[in-house]
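Only one structure is covered here, and it is reproduced in the block below.
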């Protein structure tokens, strides 16, 4: 862990918790419990408080994201256009629980507050490829290209 702290760039400001957490996640893909426990004494903030702060921001993940990362917009415009049904459908198709990573680690699902395409919602992205005006049938078709089913 010492090597991680030594390579944090000055721009991250080693004393700024959110910057440290973001930098760690950028490096390793998620925030793990071991990191929180090792970070705590270094910055003088109890591990429970770090976990509480980290869990407050939905940008942070506690499990690794899959090789194929799916984001679904949960903004107001997408939400009123049945985004909840789409999230359930995607979870079922990928066999992931609680909007997380599939058991094989290949897929992950993340719900985003807004993707900035309100006029084209519901919106989904897969590894930064965007799909607009999606519905359950189009989601099945799009995912079949990634799952092979």
Return one number: the angle in degrees, 0 to 90 and rounded to the nearest 10, between the long axis of the Cα atoms of helix 33-43 and the longest principal axis of the Cα atoms of the chain. 40
Relative contact order for the chain: what is it in percent, counting Cα pairs under 8 Å that are at least 6 residues apart? 19
Highest-first arrangement of 112-122, 63-73, 36-46, where packing means the average Cβ count within 10 Å: 63-73, 112-122, 36-46
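What does the helix-only formula give at 222 nm for the chain: each DSSP H stretch with n ≥ 4 adding -39500 (n - 2.57), the total divided by the residues, and the result rounded to the nearest 500 deg cm²/dmol? Don't skip to the answer; put the middle values down first.
Values: 7 runs with 67 residues, N = 149.
Result for the chain, helices only: -13000 deg cm²/dmol.
State the antiparallel share, in %, of DSSP beta bridges confined to the chain, rounding to the nearest 5.
Values: 7 of 13 bridges.
Around 55 percent of the beta bridges assigned by DSSP in the chain are antiparallel ones.
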For Rg and Dmax of the Cα atoms in Å, calculated from these coordinates, the label among (i) 14.6, 42; (ii) 17.5, 51; (iii) 27.5, 80: (ii)
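Can you bin region 68-147 into rounded, prolate or oblate? Criterion: square roots of the alpha carbon gyration tensor eigenvalues sorted a ≥ b ≥ c, rounded for a/c under 1.5, prolate for a/b above b/c, oblate for the rest. Provide the component values of the computation, followed by the final result.
On the way: a/c = 1.67, a/b = 1.56, b/c = 1.07.
Prolate.
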Region 68-147: relative contact order from alpha carbon pairs under 8 Å, six or more residues apart, as a whole percent, is 37
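Only the coordinates and a few stated rules stand behind these numbers; no lab work does. These numbers were taken from a predicted model, which means no experiment stands behind them. Neighbour counts are summed over all protein chains in view; Cβ atoms, including those assigned to glycine, are modelled from backbone coordinates with ideal geometry.
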